[in-house]
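Enquirer: Questions regarding the structure given below will be posed in turn.
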Amino acid sequence: MMGRVKIICLLVLGGLFVMFMPFTILHIGMLLQTEPSEPKIKYGEFPFKLVYEINGEEKMVGDTLICEYIGIDVNAGMGKYRKWDSHLESGKNKTIISKSKKGEGKTHEIYFYPEIGRLYMGDLNEDDDTSCFEQDFPNIFYSEIFIDGTEEGGRIRNDELLERFNIKLISWEIAPPIENSFR
């Protein structure tokens with residue numbers, strides 16, 4: 001009987017070893033990677049302004065995107081990388097353009113937030129999509145919550161924004177990204 005317990009314990013330990021070994025090897029490999037160099041410029045402010053028309057009335061929203069280098073982080077997909085904090089000076093996590101009141105079976109919210117802060121700080125990878133800097137308008141998102149609790153949302157095109165929500169984008173200005181170097 002004691003022999004069976006030992007065999008079962010060895011099988012369980014062996015199974016755990018086999019199960020966790022790939023993760024252990026992956027983490028050891030990530031820890032052995034050389035750290036990315038620090039950015040020369042570690043802080044940036046990028047004021048922006050969006051002018052739009054909703055139901056024939058012209059409106060304007062503005063804020064400042066603040067980007068700050070906060071160190072090195074590690075994850076399985078990227079290995080070690082430079083980590084940036086990006087937030088709006090107002091303290092909000094997004095800039096709301098339109099928000100409906102409850103009723104009519106659903107509520108909606110139209111909003112935008114600037115692209116990833118590291119892009120504005122010049123920390124680009126070869127596979128980064130920098131087309132956000134060449135657009136006439138920012139990426140606008142919408143979220144609809146229906147009375148039954150289901151949600152729908154995502155990025156919305158300008159023509160659909162006008163058709164569905166009667167919002168016309170007029171102008172978009174944001175400070176350009178910086179050119180950075182890494183020591």
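The values are calculated or read from the model by the stated rules, or taken from the named source; none is laboratory data. Quick caveat, the model's predicted, so the values are computed rather than measured. Quick reminder, even Gly has a Cβ in these numbers, built from the backbone with ideal geometry, and neighbours come from all protein chains shown.
Enquirer: Among the residues of region 142-161, which ones are buried (at least 16 other Cβ atoms within 10 Å of the Cβ) and of a type in the set (A, V, I, L, M)?
Expert: Answer for region 142-161, where residues must be buried (at least 16 other Cβ atoms within 10 Å of the Cβ) and of a type in the set (A, V, I, L, M): 145, 156, 161.
Enquirer: Something else: Of the numbered conditions (1) acidic (Asp, Glu); (2) more than 25 Å from residue 161 (Cβ to Cβ); (3) over 21 Å from the mean Cα position of the chain (by Cα), residue 58 satisfies every one except a single condition; which is it?
Expert: Condition not satisfied by residue 58: (2).
Enquirer: Another question about this same structure. Specify which of the listed residues (148, 128, 123, 136) is part of a loop (DSSP other than H, G, I, E, B) and at pLDDT 90 or above. Spell out how you get there, then give the answer.
Expert: Values: 148 fails: at pLDDT 90 or above; 128 fails: at pLDDT 90 or above; 136 fails: at pLDDT 90 or above.
Going through 148, 128, 123, 136 in turn, just one is part of a loop (DSSP other than H, G, I, E, B) and at pLDDT 90 or above: 123.
Enquirer: Could you please let me know if residue 167 is at pLDDT below 85, of a type in the set (A, V, I, L, M) and more than 29 Å from residue 180 (Cα to Cα)? Can you show your working first?
Expert: Working: at pLDDT below 85: no; of a type in the set (A, V, I, L, M): yes; more than 29 Å from residue 180 (Cα to Cα): yes.
When the stated conditions are applied, residue 167 does not pass them.
Enquirer: Report the residue count in region 70-85 for those that are modelled with pLDDT of 90 or more and among the small types (Gly, Ala, Ser).
Expert: Residues meeting the conditions: 1.
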